[in-house]
Amino acid sequence: MVIKPRLKGGLALTNHPIGAKEFVKRQIDYVKSQDKYEGPKKVLIIGSSSGYGLATRISLAFGAGAETIGVAFEKGIEGKRTGSAGWWNTIAFDEAAEKEGLKYKNFIGDAFSFEMKDDVIKFIKEEFGGKIDLLIYSLASAVRTDPIDGVTYRSALKSTTRDITGPTINFEKEIMEDTTMGVATPEEIKSTVKVMGGEDWKLWIEALDKGGVLSEGFKTVAYSYLGPKVTYGIYKEGTIGAAKRDLEHTSDILNDFLKKRYNGEAYVSLSKALMTKASAVIPIFPLYAALLYKVMKEKGIHEGTIEQKHRLLTKMVYGNEPVIDEERRLRPDNWEMREDVQAEVEALWDKVTPENFKEISDYAGAREEFMQLNGFDFDNVDYDADLDLEELAKLRP
Ligand code: NAD
Ligand code: NA
C-alpha cells in the first residue's frame with residue numbers, strides 16, 4: 001500500500017511508518033552530535049511516543065545512556081487505518097535503542113488507570129532494577145476516566161472569559177482563517193482540569209511511592225505551557241490554562257512530599273511553543289507558532305522539540321544553568337518569551353492577513369514540522385513506495 005497524507009483541519013488521518021523512522025532518527029542524530037551528559041539511569045516517561053515526551057526519551061537514552069520505560073496510548077494497523085504516529089515512533093525508537101544496547105520497555109494503554117500503574121510498578125520491581133530516578137509527565141489527552149469514581153471527563157479547548165475570535169492556520173486547506181473559541185461552562189472547566197491538571201501525576205507519584213520504587217534524590221518534571229500575550233485568551237486564560245495552573249499547584253505539593261521522603265524534587269517546566277499533535281488543534285496556536293518560528297529562526301534561536309528538551313535536561317534538570325522563575329517553574333521557554341522576540345511577533349501579528357501569511361510567517365517551516373510529525377515531507381523518504389502492511393502489522397512497540 002502507498003500511504004499518502006490525509007488531513008482534516010489540524011488532524012492527520014494517516015501516518016507513514018518509514019517517515020516515522022526518519023523522524024526519530026533525526027532526533028537521535030541531533031543528540032549524538034552533542035556531548036554526552038550525566039543524567040538519570042532509570043526513567044519513566046508518561047506520554048513517551050510523540051512530541052515532547054518522545055524527544056525527552058531520546059535525549060535521556062542516547063545522551064545520558066538511560067534505561068527508559070515509556071507509557072503511551074497508541075494504535076497499530078487496523079483495517080484501513082495505518083497506525084498512529086506514536087505507534088511508529090515507538091517502534092523506531094525501539095529499533096534504534098536495541099542497536100545501541102539501551103534497555104527499554106513500552107506500555108501501550110491508558111496511563112490514567114490504576115491497572116497501568118500496577119503493571120509499571122510490577123515491572124520496575126521485577127525487571128528494571130527496583131527503582132527509578134526520574135518521572136517525566138508529558139501527557140496530552142482529551143479524555144480521562146477517573147479511576148476512583150469511574151467517571152469519564154472530556155477536556156474542552158475553550159475560553160474562560162469571553163468568546164474569542166482570532167486567526168489560525170488550517171493545514172488541510174492551507175489557508176488562514178478565523179476561528180472562534182466559545183466560553184466554557186463551569187463543568188467544562190472542571191472537566192479540563194480533571195483531564196489535563198495534576199491529579200493523575202499525583203496518583204502516579206503516590207503509587208510509585210507506595211510501591212517502594214522511587215530512589216533517593218528522585219526527580220519528577222511535568223510539561224506545561226504558558227505562552228505570551230497574543231495567546232492569553234485561548235491558553236493562559238482558557239480551560240487549558242486552568243488545568244496547567246492545577247498542574248503547577250500539584251508540583252508544589254509533590255515537591256514538599258518528595259523533599260521530605262527522598263530528598264527529591266518536583267517541577268513544572270514551561271516549554272516553547274511547537275507544532276505537535278496536541279498543539280496543532282488549539283485555535284490560533286498554529287499561526288502564532290508560524291510567526292514565532294519566523295522571528296526565532298531569523299535570530300538564530302529557534303529550537304525544535306529535541307533541541308528544546310535536550311537543553312532542558314542538560315542545562316537545567318541535570319545541569320548548572322537552570323532558569324527558574326519566582327513561581328519555581330523551569331523556563332526553557334525563556335528564548336520564546338524574550339522581549340525582543342515577542343515585540344517582533346506582536347508586530348507581525350498586527351500585520352498578518354489571509355493574503356500575506358505565507359510570506360510573513362514561517363508557514364513553510366511550521367507546515368513541514370506538522371507534516372513530519374506524521375512521517376511525511378522528509379526529502380529522503382520514498383513516498384511512492386508500496387509498503388507491505390501485513391509485514392508492518394507484525395511489528396509491536
Ligand atoms: P503529544 O500529543 O505529542 O503527546 C502526548 C502523549 O500522551 C503521547 O505519547 C500519547 O500517546 C500520550 N497519551 C495521551 N493519552 C494517553 C493515555 N490515556 N494514556 C497514556 N498515554 C497517553 O503532545 P505534546 O505536545 O508533546 O504534549 C505533551 C505535554 O507538553 C503536554 O502537557 C503539553 O501541554 C506540553 N507542552 C506542549 C507544547 C507544544 O507547543 N506542543 C508546549 C509546551 C508544553
Ligand atoms: Na509527549
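Just so you know, all these numbers are worked out from the coordinates, no wet-lab data involved. Given the structure is predicted, the values throughout are model-derived calculations rather than measurements. Counting neighbours? That spans all protein chains shown, and the Cβs are built from the backbone with ideal geometry, glycine included.
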Quick one: which residues, 5+ away or cross-chain, put their amide H under 5 Å from the amide H of A222? H built at 1.01 Å from N.
Y137, Y267, V268, S269
Counting GluC sites (Glu not before Pro) as exposed when in a DSSP loop with at most 13 other beta carbons within 10 Å, what is the longest stretch of the chain free of them?
175-325
If amide H atoms are modeled at 1.01 Å from N in the peptide plane, then the residues at a separation of 5 or more from G217, or on another chain, having amide H under 5 Å from its own are N263, G264
Candidate cut points under trypsin sites (Lys or Arg not before Pro) in the stretch 140-184, DSSP loop plus at most 12 other Cβ atoms within 10 Å of their own Cβ, are R162, K173
So which trypsin sites (Lys or Arg not before Pro) in the stretch 326-397 are both in a DSSP loop and have at most 16 other Cβ atoms within 10 Å of their Cβ?
R328, R338, K394
Are there trypsin sites (Lys or Arg not before Pro) in the stretch 1-68 that DSSP marks as loop and that have at most 14 other Cβ atoms within 10 Å, and which are they?
R6, K36
The chain: Rg to Rh, with Rh as the Kirkwood radius over Cα pairs:
0.94
Mean Kyte-Doolittle of at least -1.0 and a Cα length of 30 Å or more along the axis: which whole DSSP H helices of the chain meet both?
239-262
For the stretch 154-213, one quarter of the surface area of the C-alpha convex hull, expressed in nm², comes to 6.4
By count of other Cβ within 10 Å, fewest leading, how are H16, H302 ordered?
H302, H16
